[in-house]
1. When the residues of segment 191-210 are filtered to those that are farther than 21 Å from F120 by Cβ and loosely packed, with under 11 Cβ neighbours inside 10 Å, which remaining residue is modelled with the highest pLDDT?
2. Select from segment 58-73 the residues that are small (G, A, S), outside any loop (DSSP other than H, G, I, E, B) and buried (at least 17 other Cβ atoms within 10 Å of the Cβ) and list them in ascending order.
3. Looking only at segment 94-138, count every residue that is in contact (Cβ under 8 Å) with a residue 40 or more places away in the chain and either in a strand (DSSP E or B) or over 18 Å from V79 (Cα atoms) (or both) and tell me the total.
4. It is to be established whether one or more residues within segment 139-155 are assigned by TED's automatic domain parsing to the domain that holds P80, outside any loop (DSSP other than H, G, I, E, B) and either in contact with a helix residue (DSSP H, G or I) (Cβ under 8 Å, 6 or more places away or on another chain) or of a type in the set (D, E) (or both).
5. Those residues that are of a type in the set (A, V, I, L, M, F, W, C) and surrounded by 15 or more Cβ atoms within 10 Å (Cβ to Cβ), I need them from segment 143-159; list them, please.
6. Determine, yes or no, whether I3 is at pLDDT below 90 and assigned to a loop (DSSP other than H, G, I, E, B).
7. What are the residue pairs meeting all of these: first residue in segment 152-181, first residue at pLDDT 90 or above and among the basic types (K, R), second residue crowded, with 16+ Cβ neighbours inside 10 Å and not in a loop (DSSP other than H, G, I, E, B), Cβ atoms under 8 Å, and 6 or more apart or on different chains?
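The values are calculated or read from the model by the stated rules, or taken from the named source; none is laboratory data. All values derive from a computational prediction rather than experimental measurement. Reconstructed Cβ throughout: ideal geometry from the backbone, glycine too, with neighbour counts over all protein chains shown.
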Amino acid sequence: MTIKWVAVDPLVMNGEPFCYGSRLTVRQLLELRRNGFGLTEILKDHPELRPWNLTRQEIRQGGALFNIFRGATFGGIGVPMRILVYPGFGARMTNLHVGIIPAEGAADIHTHPLSDDCIFALEGGTEAHLGGDWVHVEAYEAAMAPVGVAHGGRPNGSGIVGLVLGFGAPAELDVYLKSDDMFKDGHYTDVAFQRLEWPPSDAVGDAHPPV
């Protein structure tokens, strides 16, 4: 692959060679190519704003453009998940996760000692466990579990997988501190962004692919 329009500036990207007119370094570009990304996909999708092309400090200084189907892989509560926004990716006070409630299976019931957790049903619907009771949550509804309230999720009996989005504030540090893949030796690790398959290959019923 031939790289054109490479610039070097000691005041930009810590002096690393970068693609002129963007915040994408040559190192990051080669890394994306090595991970199977096509050049057209890399260049068309605002690479200068994508968190996988930026450092935590750059995100904290200027923000970033995230995608709900791409984040750090996490399976600590029993269902497929991606951690989208959290301190390891530049956030300070909040987090955003996406997960799949399978047609068979459930998210473990758990609590957060310092964070409120709000779970939005995006597709398929689900049943949410809130403080000892199971409640039906339709698509576009949200279940909110305050600090210390036990919560989880399970299928709603329709046989259709559910897609849910979880928003927490302050950030759910109790989740990340338990994962050596995300936090180790007192520091957040450099976690790779991975795409969440939606709809899953074994999905039942009507489920829409990501846009």
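1. S201
2. Passing the criteria: G71, A72.
3. Here the count works out to 23.
4. no
5. Within segment 143-159, A143, A145, V149 meet the criteria.
6. So I3 fits the description; yes.
7. If the second residue must be crowded, with 16+ Cβ neighbours inside 10 Å and not in a loop (DSSP other than H, G, I, E, B), the pairs left are R154/I101; R154/A107; R154/T126; R154/E127; R154/H129.
Condition check ((1) in contact with a strand residue (DSSP E or B) (Cβ under 6 Å, 6 or more places away or on another chain); (2) at pLDDT 95 or above; (3) under 27 Å from A150 (Cα atoms); (4) of a type in the set (D, E, K, R)) across all residues:
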position: E16; (1), (2), (3), (4): yes, no, no, yes
position: E31; (1), (2), (3), (4): no, no, no, yes
position: N35; (1), (2), (3), (4): no, no, no, no
position: E48; (1), (2), (3), (4): no, no, no, yes
position: I59; (1), (2), (3), (4): no, no, no, no
position: L96; (1), (2), (3), (4): yes, yes, yes, no
